[in-house]
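My structure is below; once you've seen it, I'll send some questions.
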Amino acid sequence: MITTTEALAKACARLRQAPYVTVDTEFLRETTFWPKLCVVQLADAEGPEVVDALAPELDLAPLFELMADEAVLKVFHSGRQDIEIFHHLAGKVPHPVFDTQVAAMVLGFGDSISYDQLVQRTAGVALDKSSRFTDWSRRPLSQEQVDYAIADVTHLRTVFEKLSADLDRRGRSGWVSEEMEVLTSPATYESHPEQAWQRFRSRLRKPRDLAVMIEVAAWREREAQTRDVPRSRVLKDDALVEVATRAPKTVDALGSLRAFPRGYERSRAGQEILDAVTRGLDRDPANLPALDRERAGGGNPATVELLKVLLRMIAERHAVAAKVIANVDDLERIAAEDEAEVAALSGWRRELFGEIALKLKAGTLALAVERGRVVTLDREPGEDGPLPAPRPRRRRNGRDRGSGEGAPVSD
């Protein structure tokens, strides 16, 4: 275990000579808003290093310099939270990076495959995950915890090398590079309290509800950050939604809300919530963001369902996780407008799925079932009417296959 700045500087100097370094962290977040970094694991071809991030007077500056070294690729698995920690502590995003979970999705390992499953499938090693939910802030760490921490970065080397080689072989390295641009963008990790309302988008039905939610959710986000406590310690989600939908204007009205904590309405926070409600009610409805049902606009639900079928077909055909191509929100927005600003209509996703999705929506492409598999069929622009029925297969006894015995089938 590295517990001194001198030892950390020496280890990082060695690691900076490697072409890539695998990285993982252990942290706690149950009682704080910001993650509490406890342990950092690193490894190159020569072996692992384990850093006790809670060691007294340990300066993590050498580690942050390694994370920012453009000559060293930092390899994570599902690294967004790890990267968020480095961004919060150092003010910089690690770069360049490679995320093996993203690479696995691009290579068809399924949606959001776990690290232990990926190690099993690529390296043939079964990991002991019994230490996953232990208290990483307690000292000294047990040998089982240290072994667990080391395994998280040593096997990651094998995973990275195999996935990287497969990406090169299949010509998909550029796909992962596009995803890494988002993962390493500082904007991805910037905190914007005024956007906190979006976590409740699906629970809002009226513009007034939205206007109030924008203000009260932003208040809660700022309060949680300032006090460094979980959002629920400030105000639970159900209470927040009730405030937004009921829009209380007085202390008594606030206190009468079913989900609101008893007595909280007469505290400083209670007055600040009422002030936020007032600001929300004063908002101009014309300048509010569109709710989901408004944004979907002309998006036909049947079109969305067809796009879901197409997405699954494309994902299976190209062995790519559907989740990394598009999500339901993308499909709803594509159904509503051809030039929707969604990832599915740009870059490699557009080539793989977006262009075909627009053809399906325009009616120049159709879906059919052939030998038990969904296939696409070209149609003439503006062609009306049903597609020609496929020629029926005959039973050995001479009867046509149909919806029932003697059912008519057209040739």
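Read the figures in this text as sums done on the coordinates, not as results from a lab. All of these numbers come straight from a predicted model, not from anything done at the bench. For neighbour counting, all protein chains shown are included, and Cβ atoms are generated from backbone atoms with ideal geometry for every residue, glycine included.
With the Cα gyration tensor of the range 89-164 giving a ≥ b ≥ c as the square roots of its eigenvalues, does the rule (a/c under 1.5 for rounded; else a/b larger than b/c for prolate; else oblate) give rounded, prolate or oblate?
It comes out oblate by the Cα gyration axes.
Oh, and also: So if each residue of separation counts as 0.36 nm, and I subtract the Cα-Cα distance between ARG199 and ALA368, what length gain in nm does that give?
57.1 nm
Are any of the pairs LYS36/LYS162; LYS74/LYS308; LYS36/LYS308; LYS206/LYS249; LYS92/LYS206; LYS236/LYS308 more than 28 Å apart by Cα-Cα distance, and if so, which?
Checking Cα-Cα distances, LYS36/LYS162; LYS74/LYS308; LYS36/LYS308; LYS92/LYS206; LYS236/LYS308 exceed 28 Å.
Label ASP147 and SER267 with points 7 Å out from Cα along Cα→Cβ: what is the distance between them in nm?
It is 4.5 nm.
Can I ask one more? Based on the Cβ-Cβ distance of ALA336 and GLU181, what FRET efficiency does E = 1/(1 + (r/R0)^6) give at R0 = 30 Å, to the nearest 0.05?
Efficiency for this residue pair is about 0.70.
Looking at the chain only, what percent of DSSP beta bridges run antiparallel? Nearest 5 please.
75
Gain in length, SER346 to ARG80, computed as 0.36 nm per residue apart minus the alpha-carbon separation, to one decimal in nm?
Stretched out fully, the SER346 to ARG80 stretch lengthens by 93.6 nm.
Once you have the Cα-Cα distance between HIS88 and LYS323, take 0.36 nm times their residue separation minus that, and quote the gain in nm to one decimal.
Full-extension gain reported as 81.8 nm.
Between LEU127 and residues 5 or more places away or on another chain, which pairs have amide H atoms under 5 Å apart, with H built 1.01 Å from N, and which residues are they?
none
Sort the following peptides by mean Cβ neighbour count (other Cβ atoms within 10 Å, averaged over residues), highest first: 154-162, 253-261.
Going by the mean number of other Cβ atoms within 10 Å, highest first, we get 154-162, 253-261.
Give me the net charge for the shell around LYS361: Cβ to Cβ below 14 angstrom, other residues only, Lys and Arg +1, Asp and Glu -1.
With Lys, Arg at +1 and Asp, Glu at -1, the net is -2.
Is the chain rounded, prolate or oblate when judged by the Cα gyration tensor, a ≥ b ≥ c being the square roots of its eigenvalues, rounded requiring a/c under 1.5 and prolate requiring a/b larger than b/c?
Oblate shape, in that a/c is at least 1.5 and b/c is the bigger or equal ratio.
May I ask you to derive the FRET efficiency for MET1 and ALA71 from their Cβ-Cβ distance with R0 = 41 Å, giving the value to the nearest 0.05?
Once the sixth-power term is evaluated, E becomes 0.95.
Taking a virtual spin label 7 Å from the Cα of ARG283 along the C-beta vector, which residues in the range 241-276 bring their backbone nitrogen under 18 Å of it?
It comes to 241-249, 272-276, nothing else.
If I take R0 = 51 Å and measure r between the Cβ atoms of ALA259 and ARG138 in this structure, what FRET efficiency does the formula 1/(1 + (r/R0)^6) give, to the nearest 0.05?
0.90
Same structure, new question: Once you order the gyration tensor axes a ≥ b ≥ c over the Cα atoms, which shape class does the range 1-87 get: rounded for a/c under 1.5, otherwise prolate or oblate by comparing a/b with b/c?
The shape class here is oblate.
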